[in-house]
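The values are calculated or read from the model by the stated rules, or taken from the named source; none is laboratory data. Since this is a predicted model, take the numbers as computed values, not measurements. Counting neighbours? That spans all protein chains shown, and the Cβs are built from the backbone with ideal geometry, glycine included. All accessible areas refer to the heavy atoms of the entire protein, side chains included, with ligands and DNA or RNA removed. Shrake-Rupley method; radii C 1.70, N 1.55, O 1.52, S 1.80 Å.
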Amino acid sequence: MIKKTYDAIIIGGGAAGLSAAWNVAKAGFSTAIIERENCLGGILNQCIHTGFGLHRFGKELSGPEYAEMDIDLVAANKVDSFINTTVFEIRSNGILKSVFASSAEGVTEFETRAVILSMGCRERNRGNLGIPGTRPSGIMTAGLAQRLLNIEGYLPGRKAVIIGSGDIGLIMARRLTWSGAIVMGVIEILPYPSGLARNIAQCLDDFEIPLYLGHTVSAINGKERVESVDVSPFKDGVPSLSGTFKIDCDTVLISAGLIPENELSVKAGVKLSNATGGPYVDSSMMTNVPGIFACGNVLHVHDLVDYVSEESENCGSAVVSYLSSDECSCTQGNISAGSNIKYIVPSKYRTGIPQKFYMRSLMPFENAMLTVKCADKILFERKLKYVRPPEMQSFTLTPEMTDGLNENSPEINVSLTEV
Amino acid sequence: MNSMDYDVVVVGSGVVGASIARLLSSYELKAAVIEKFPDACFGVSKANSGIIHGAFHHATTTLKARLELKGNMMYDQLHKELGFPFKRTGIIVAAFSSEEMKTVRLLYKQGVANGAPGIEICGSERLLNLEPGLNPDIAGGLYAPFAGVVEPYRFVFSLMESAQLNGLDFIRDFEVVRSSYDGKLHQVFSSDGRAVAASFVINAAGLYADKISEIFNGEKFKIHPRKGEEFLLDRNSPARPNNVIFPVPAKESKGMLVIPTVEGTTMIGPTSEKIDDKEDSSTTYSNMERIFLQASRMVSGISRRDVITSFSGLRPVLENEDFLIEKSQMAPAFIQVAGIQSPGLTAAPAIAEYVLEILSKDCGLKLEKKKSFIPEISRTEKIYGISPEKLDELIEKNPAYGNIVCRCEQISEAEIVDAIRKGHTTIDGIKFYTRSGMGRCQGGFCTYKILKIISRETGIPIDHITRRGNGSFITGERISGELK
Ligand SMILES: Cc1cc2nc3c(=O)[nH]c(=O)nc-3n(C[C@H](O)[C@H](O)[C@H](O)COP(=O)(O)OP(=O)(O)OC[C@H]3O[C@@H](n4cnc5c(N)ncnc54)[C@H](O)[C@@H]3O)c2cc1C
Ligand SMILES: Cc1cc2nc3c(=O)[nH]c(=O)nc-3n(C[C@H](O)[C@H](O)[C@H](O)COP(=O)(O)OP(=O)(O)OC[C@H]3O[C@@H](n4cnc5c(N)ncnc54)[C@H](O)[C@@H]3O)c2cc1C
């Protein structure tokens, strides 16, 4: 077995891992990225459409172009990368961690002081959704279809129905149409779309692809290959079968949400949140296991890569503080999701530094008031327009807002209310 | 006799056909199995509960009760020789009322009469000791410690592998549509015009045993499909029991169960529903609700959130509900093995012995043990759950062990290549052989990698690769791009 030593090991070379890595390396710490695929960039590599980087770079890039920016920074900052290498185990020996990874060369044990989890997420599939019917060929997740089409060069099918109005599904509706396939419709169980508004306009409306809100697929039909789907209105938590209609198709794409990929984390003793599916992290992006950090889609699912990078840069900086042992003496306290909020990440705040929080609402609002409170004291309030569950919200707590809070202060509560 | 003629041809490569095939291969015979699908075990045998039953569910007078117990007892030896995943977990039948306890006592008596070893009636305290996850309202129940679970496709594949190693021919993609008999030899024809000749034909065609019987001018019986839907839960589900948990049985089926599969997942089901269409593999909303309700009544922690997939299977049922295994009275040199519903998987090894007895006693075929018979098959190392040190050693021998293709079930490229070289060239074939794509992402990540490996190893273009033969293509046509 080969043995190597680094100050920090980053697991996964997608947008999150790349940003975190160069931010650690920049401070002079020896850093390595371990990536199972044959190149860095993660899921961005298959996103050949534009729309990445508006927030971060002020221009619209394609996925690979966006990745290129960080890959260059990774190289410039002398981060080592190991591709075609899969991490399968993390062991803690007190402060030191051993990360075991396999490749054609054998198993390598990476000894390190800090581990950053940035393994991304996977897609929910038919089984997770419990869609009844037969089991023909031609049912796949939108991400697999994207991979087959954009990287391998194969058309997933000729006539598709897309289940779920997540962004990947919307992007694929347009991509399939451009490639000569017909998209018969997008079926969304919720009364509102779960993808970004701009994607509904640019990927469905522009091509007159019907969007069936408040509907579900109550059966997939077909023997060898998909032949049709049964679509039913979704009322009171069940499909109302009396209103069922059929749509002919040979392909069903599923774009119904992502699940953070945390099998490795759980094996390493990391505790997960039920609300995000990702680890609980404190204000340093550290999990409950000291020395193990997390950022990107493995932590919580992001809709825009720009936020992934931002969060991961912060994670990188926090790891630098950890490795330099210059933990600040300020206090950490809990911050939690209050009414109408699904989750808030991180789940701890720290006084004395500005800190960014990410959250999602539980329902759509035209106009909402975001309130951050500690007991009865309002620390911060802000009016928000067009809040929708698919679009992540964020805010920053400044040292002024948390001034005067100490170990004995009650937890901070964040809520949204209709105005 | 032509050199291409067989002494015995088995129609069907389900667990029954494969068990017969392996036993045939231990004798000095020329034998073949013919199968309409591109791989073995694509019929009833792939979609069932995988339980090696406890020999208490069926009346002593039935053939299936006799073969069930005998088959169960044969599993240890087979497991030793072939190494398929198998474990004696035990079965608990959970009763929730004194009314249900009456049925439990009847089952106990029936089990004792059948000769089932070690079964006992338990009070609630003993049951909760055996199985802490049971609903604490339990009144009592039956415990059958020698029952178990098996991975059915691995079992069938290992039987076929062993049979082929010992000289049996496996003829794939051969759908029997016609036959003729000249007094000595059957000519068996496929839908694409191929033919094989055999002195004896064994009908092990599962759901289509009635059709095959008709093709050979045998008895006229009807196989009624009875559907069972099942749901598979993630490895991490908290609802994994130690034993297979049964409810007190209803009239026609054993009820809906909670099964700790030998692979480490939990399965709940099956339903039991008479249908007409033998190709109907659909699942429905209402049955899903029923299964979850029933299963949650017995075991706590069952959640829809943990579902990774669902499927349904069809039991091939005859009018009288028993197995029909005999030399045909109507068709010459033809043996019927029909109506093999549950406990067919359990009974299969015993069914094979029974069929060979008919071949020798009733058909006069001379059976001579093959001296060169090799009972064991080679084992492929698997990387799931092994230590870093062990994995390193494997990679040194074969670098393909270092490439983890299926991340959920931890299957390496070496295992995929091994499956392909053993003749599994469809996505389902590889999935059933290696478990790739059977985990929580259900192939979302690894399907394209497996497509590429199949294509590289076999030369089949990616858009010609199917899920399970016929028209079940995975992708549409190639439109652009170079494969890297
Ligand atoms: C299928 C899909 C399509 C998307 N499409 C869009 C889009 O069109 N537009 C948009 O704005 N956003 C899109 N996103 C969202 C956005 O691009 C992502 O949020 C962002 O790129 C995620 O970055 P990440 O680094 O967290 O994850 P990823 O990019 O998924 O990176 C994770 C990396 O970790 C590697 N890895 C995982 N486990 C291991 C291990 N054990 N050992 C070694 N390596 C490992 C993976 O191979 C991968 O390269 C998409 C997301 C997905 C999942
Ligand atoms: C839901 C369910 C749960 C069950 N659970 C259990 C259990 O827990 N324990 C247990 O012991 N039993 C169980 N059973 C029963 C068990 O699965 C069956 O008894 C057994 O699999 C039958 O095997 P077989 O070989 O007879 O049929 P099959 O596996 O169907 O094999 C028949 C083969 O013949 C082939 N064939 C058909 N027609 C032709 C043709 N014209 N030409 C060429 N080939 C042809 C088919 O393709 C098929 O491969 C269950 C069954 C179901 C449906």
Criterion (at pLDDT 95 or above, open to solvent by 60 Å² or more (accessible area, probe 1.4 Å) and more than 10 Å from chain A (Cβ to nearest Cβ)) met by exactly one of B:K397, B:K370: B:K397
Number of positions in the range B:267-289 that are polar (S, T, N, Q), more than 8 Å from chain A (Cβ to nearest Cβ), open to solvent by 30 Å² or more (accessible area, probe 1.4 Å) and touching a residue at least 24 places away in the same chain (Cβ under 8 Å): 1
Selection status of B:V156, near ligand 2 (Cβ under 10 Å from one of its atoms), touching a residue at least 12 places away in the same chain (Cβ under 8 Å) and within 29 Å of B:I92 (Cα to Cα): yes
Number of the exception - A:G17 against (1) near ligand 1 (Cβ under 9 Å from one of its atoms); (2) in a strand (DSSP E or B); (3) at pLDDT 95 or above: (2)
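Table: residues versus (1) within 28 Å of B:V405 (Cα to Cα); (2) away from every other protein chain (no Cβ under 14 Å); (3) within 13 Å of ligand 1 (Cβ to nearest atom).
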{"site": "A:A32", "(1), (2), (3)": "yes, yes, yes"}
{"site": "A:E35", "(1), (2), (3)": "yes, no, yes"}
{"site": "A:C39", "(1), (2), (3)": "yes, no, yes"}
{"site": "A:S62", "(1), (2), (3)": "yes, yes, yes"}
{"site": "A:M69", "(1), (2), (3)": "no, yes, yes"}
{"site": "A:F82", "(1), (2), (3)": "yes, no, yes"}
{"site": "A:T86", "(1), (2), (3)": "yes, no, yes"}
Any hit, the range A:388-395, residues being among the charged types (D, E, K, R), out of contact with any Cys (no Cβ under 7 Å at 6 or more places or on another chain) and open to solvent by less than 70 Å² (accessible area, probe 1.4 Å): yes
Total residues in the range A:231-264, condition within 30 Å of A:E391 (Cβ to Cβ), facing chain B (nearest Cβ under 10 Å), crowded, with 20+ Cβ neighbours inside 10 Å and more than 16 Å from ligand 1 (Cβ to nearest atom): 3
Leading residue by the ranking (nearest to the chain's Cα centre (by Cα)) among those in the range B:1-24 that are near ligand 2 (Cβ under 6 Å from one of its atoms) and farther than 20 Å from B:I430 by Cα: B:V16
Hits in the range A:105-123 (condition: closer than 30 Å to B:T284 by Cα and at the interface with chain B (Cβ under 9 Å from one of its Cβ atoms)): A:R122, A:E123
Tabulated pairs, the range A:24-44, first without any contact (Cβ under 8 Å) to a residue 40 or more places away in the chain, second within 9 Å of ligand 1 (Cβ to nearest atom) and assigned to a helix (DSSP H, G or I), C-beta under 6 angstrom, 6+ apart or interchain: A:G41/A:A67
Residue satisfying all of: in the range B:225-266; near ligand 2 (Cβ under 10 Å from one of its atoms) and of a type outside the set (D, E, K, R); surrounded by the fewest Cβ atoms within 10 Å (Cβ to Cβ) among these: B:S253
Residue within the range B:401-421 that is surrounded by fewer than 19 Cβ atoms within 10 Å (Cβ to Cβ) and not hydrophobic (A, V, I, L, M, F, W, C) present: yes
Which listed residue is over 20 Å from B:A333 (Cβ atoms) and open to solvent by 30 Å² or more (accessible area, probe 1.4 Å), from B:S124, B:S162, B:S180: B:S124
Filter pass, A:S228 being of a type in the set (S, T, N, Q), modelled with pLDDT under 95 and either out of contact with any Phe, Trp or Tyr (no Cβ under 7 Å at 6 or more places or on another chain) or open to solvent by 40 Å² or more (accessible area, probe 1.4 Å) (or both): no
Helices (runs of 4 or more DSSP H) enclosed by the range B:400-484 - at least 1 residues per element that are under 23 Å from A:N45 (Cβ atoms) and either touching an Asp or Glu at 6+ places or on another chain (Cβ under 7 Å) or more than 10 Å from chain A (Cβ to nearest Cβ) (or both): B:413-421, B:447-458
Residues of the range A:91-104 classified as among the aliphatic types (A, V, I, L, M), within 11 Å of another protein chain (Cβ to nearest Cβ) and in contact (Cβ under 8 Å) with a residue 40 or more places away in the chain, total: 2
Conditions (1) exposed (fewer than 14 other Cβ atoms within 10 Å of the Cβ); (2) in a strand (DSSP E or B): number failed by A:E400: (2)
Given (1) away from chain B (no Cβ under 14 Å); (2) over 19 Å from A:L304 (Cβ atoms); (3) of a type outside the set (A, V, I, L, M, F, W, C); (4) within 16 Å of ligand 1 (Cβ to nearest atom), index of the condition A:T177 fails: (1)
Long-range neighbours under 8 Å by Cβ, at least six apart or interchain, first residue outside the structural domain of A:A20 (by TED's automatic domain parsing) and under 23 Å from A:S317 (Cα atoms) within the range A:263-284, second hydrophobic (A, V, I, L, M, F, W, C) and surrounded by fewer than 21 Cβ atoms within 10 Å (Cβ to Cβ): none
Residues of the range B:154-171 that turn out to be over 18 Å from the mean Cα position of the chain (by Cα) and in a helix (DSSP H, G or I), as a count: 2
Hits in the range B:294-310 - residues which are open to solvent by less than 50 Å² (accessible area, probe 1.4 Å) and away from ligand 2 (no atom under 16 Å from the Cβ): B:M298, B:V299, B:G301, B:I302, B:S303, B:D306, B:V307, B:I308
Odd one out for B:Y27 among (1) open to solvent by 10 Å² or more (accessible area, probe 1.4 Å); (2) within 16 Å of ligand 2 (Cβ to nearest atom): (2)
Single unsatisfied condition, B:G313 versus (1) modelled with pLDDT of 95 or more; (2) in the same structural domain as B:S124 (by TED's automatic domain parsing); (3) surrounded by fewer than 20 Cβ atoms within 10 Å (Cβ to Cβ): (3)
Any hit, the range A:126-135, residues being modelled with pLDDT of 95 or more and open to solvent by less than 30 Å² (accessible area, probe 1.4 Å): no
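This table checks each residue for (1) in a strand (DSSP E or B); (2) within 16 Å of ligand 2 (Cβ to nearest atom).
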{"residue": "B:P316", "(1), (2)": "yes, yes"}
{"residue": "B:N320", "(1), (2)": "no, yes"}
{"residue": "B:Q329", "(1), (2)": "no, no"}
{"residue": "B:I335", "(1), (2)": "yes, yes"}
{"residue": "B:I340", "(1), (2)": "no, yes"}
{"residue": "B:T346", "(1), (2)": "no, yes"}
{"residue": "B:E357", "(1), (2)": "no, no"}
{"residue": "B:G364", "(1), (2)": "no, no"}
{"residue": "B:P375", "(1), (2)": "no, no"}
Residue in the range A:356-372 that is within 30 Å of A:A27 (Cβ to Cβ), open to solvent by 10 Å² or more (accessible area, probe 1.4 Å) and either hydrophobic (A, V, I, L, M, F, W, C) or not assigned by TED's automatic domain parsing to the domain that holds A:K26 (or both) present: yes
Among the candidates A:M140, A:M184, residue that is open to solvent by 10 Å² or more (accessible area, probe 1.4 Å), more than 14 Å from ligand 1 (Cβ to nearest atom) and modelled with pLDDT of 95 or more: A:M184
